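Engineer: I am attaching a structure below and will ask some questions about it afterwards.
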Amino acid sequence: MERLTAQQVYNKLVEGYGKPRWWPGTPYEIMVSAILVQNTAWTQVEKVFAAWGEPEPANVLEMPVEQLQETIRPCGFMKAKAATIRRVSEWYRGYGFDIEKARAANLDRLRRELLGLKGIGAETADAMLVFALHKPSFVIDAYTRRFLDRMGYGFKDDRQIRRFFESGLPADYQVYGWYHWLLLEHGKNHCSKQPVCEGCVFSKVCPGRTL
């Protein structure tokens, strides 16, 4: 069976889930929440922001580290995440806390800088690039890998996955962001560790289906 293109996958996801969501918050909140959501549920991130309000990077850098750790405690790994949040805030200060100045930098430079910060891996960096910095850098996570594996694409690594998406789609950060949320919805509703193939928009073309 011929594999679907990246655009065809996107079209079927829209067919199944409708208009995609967008990562909520200000650009700085998006950067912080991309760190907080590591290894925890989004509901825990929402708890932190409900109590925290709207964090400002200058205020975060002035905050005693123990206070920052307590503020983000619901998300777990509070010491490591607090340290990463401070590193990202320092990085952002290098752009004068000006999101437009940061967005003016090219994608390769921004991705290299973010990946150079301890605590920031590829998935987190790409989420920041797409949703906060408006750069087309496809977000690859466990849901994406699982979906592609079950669909029989047989990619060897994330480099091949990135090439599949980025060569098959317009270089549009909004499309990349919407695609990420659609894959997330699909992973939660159907393509989880224990797949629920009934009602899945890919059930007729997925070699990994269990129907």
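Engineer: I need the full set of residues from region 84-102 which are in contact (Cβ under 8 Å) with a residue 24 or more places away in the chain and exposed (fewer than 15 other Cβ atoms within 10 Å of the Cβ), in order please. It would help to see each step written out before you state the result.
Structural biologist: Step one: list which residues in region 84-102 are in contact (Cβ under 8 Å) with a residue 24 or more places away in the chain, which gives 84-93, 97, 99, 102.
Residues satisfying the conditions are Glu90, Arg93.
Engineer: Can you tell me how many residues within region 14-57 are exposed (fewer than 14 other Cβ atoms within 10 Å of the Cβ) and on the phi > 0 side of the Ramachandran plot?
Structural biologist: So the count comes out to 3.
Engineer: A further question on this structure: Taking the condition open to solvent by less than 40 Å² (accessible area, probe 1.4 Å), touching an Asp or Glu at 6+ places or on another chain (Cβ under 9 Å), more than 25 Å from Pro136 (Cα to Cα) and touching a residue at least 40 places away in the same chain (Cβ under 8 Å), does Gly187 pass?
Structural biologist: When the stated conditions are applied, Gly187 does not pass them.
Engineer: Continuing with this model, one more query. Only one of Leu148, Leu184, Leu169 is of a type in the set (A, V, I, L, M, F, W, C) and under 22 Å from Gly25 (Cα atoms); which?
Structural biologist: Numbers: Leu148 fails: under 22 Å from Gly25 (Cα atoms); Leu169 fails: under 22 Å from Gly25 (Cα atoms).
Testing whether each residue is of a type in the set (A, V, I, L, M, F, W, C) and under 22 Å from Gly25 (Cα atoms) leaves just Leu184.
Engineer: Please tell me if Glu15 is over 19 Å from the mean Cα position of the chain (by Cα) and touching a residue at least 60 places away in the same chain (Cβ under 8 Å). Working first, answer last.
Structural biologist: On the way: over 19 Å from the mean Cα position of the chain (by Cα): yes; touching a residue at least 60 places away in the same chain (Cβ under 8 Å): yes.
Here the answer is yes, as Glu15 does meet what is asked.
Engineer: Starting from residues that are loosely packed, with under 12 Cβ neighbours inside 10 Å and part of a helix (DSSP H, G or I), keep the ones in region 157-172 and report whichever is farthest from the chain's Cα centre (by Cα).
Structural biologist: Applying the filter and picking the extreme gives Ser167.
Engineer: Exactly one condition in (1) open to solvent by less than 10 Å² (accessible area, probe 1.4 Å); (2) in contact with a Pro (Cβ under 7 Å, 6 or more places away or on another chain); (3) not hydroxyl-bearing (Ser, Thr, Tyr) is false for Leu148; which is it?
Structural biologist: Only one criterion in (1) open to solvent by less than 10 Å² (accessible area, probe 1.4 Å); (2) in contact with a Pro (Cβ under 7 Å, 6 or more places away or on another chain); (3) not hydroxyl-bearing (Ser, Thr, Tyr) is unmet by Leu148, namely (2).
Engineer: Oh, and also: Determine the pairs where a residue that is farther than 14 Å from Ser89 by Cα, located within region 50-71, has a partner that is of a type in the set (Lys, Arg) with Cβ atoms under 9 Å apart, the partner being 6 or more residues away or on another chain.
Structural biologist: Listed by first residue and then by second, the contacts come to Gln69/Lys79; Gln69/Lys81.
Engineer: Within region 121-139, work out how many residues are open to solvent by less than 10 Å² (accessible area, probe 1.4 Å) and not polar (S, T, N, Q).
Structural biologist: Within region 121-139, residues that are open to solvent by less than 10 Å² (accessible area, probe 1.4 Å) and not polar (S, T, N, Q) number 11.
The values are calculated or read from the model by the stated rules, or taken from the named source; none is laboratory data. Everything numeric here is computed off the predicted structure, so don't read it as measured data. Cβ atoms come from the backbone with ideal geometry, glycine included; neighbour counts cover every protein chain shown. Remember, those area values only see protein heavy atoms, side chains included, never the ligands or the DNA or RNA. Shrake-Rupley method; radii C 1.70, N 1.55, O 1.52, S 1.80 Å.
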